[in-house]
Amino acid sequence: MEVASYLAEGNMLHIHQYNWSGVKAYSIARLFVRISIVGVLGLLYFATMLSVPEPTAQAHQYSDSVTNMIEKVFGPYTAEAIHVARCESGLNARAHNHVSVRGSHSAGVFQILYPSTWRGTSQARRSPYDAWTNILAAHEIFVRDGHSWREWVCKPW
């Protein structure tokens, strides 16, 4: 009897179908919105975890000049390191040499080859354009090479 009454009143059947499909569409849209929100939040969390600097790096990055950072890291080799960094980049953390060397380019304060040489340092997950990070990587290379400046074009003498 119900089907007959719906058929008798054609508009009612149309309205009923419209409302039903609207409810379905609303439920599906709600599901997609929830999935999207979870996905976006997951991506934001992941991106945040990749870019979080170490607390000490952040403190050094904003409170010290590049020369003070070099002094803290290189100790007795400070004068040599400042000379090399000044020659390589002008003490500019954002310095970038576009000339390719075996597919890499020089980046940061000490103009470390990125990505080739940079990958071999403990700072590889961080940006070579962060002054503190670049200085730490340069010191690591310097010590690894027996306190030698052989990796750099500029020499302290």
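A few notes on this one:
- SER122 satisfies every condition listed in (1) without any contact (Cβ under 8 Å) to a residue 24 or more places away in the chain; (2) part of a loop (DSSP other than H, G, I, E, B); (3) surrounded by 15 or more Cβ atoms within 10 Å (Cβ to Cβ) except (3).
- Only one of the listed residues (VAL73, VAL143) is part of a helix (DSSP H, G or I) and either among the small types (Gly, Ala, Ser) or loosely packed, with under 14 Cβ neighbours inside 10 Å (or both). That residue is VAL143.
A short reminder: the numbers here are calculations on the coordinates, not readings from a lab. In this text the structure is predicted, and so the values were computed from the model without any measurement. Cβ atoms come from the backbone with ideal geometry, glycine included; neighbour counts cover every protein chain shown.
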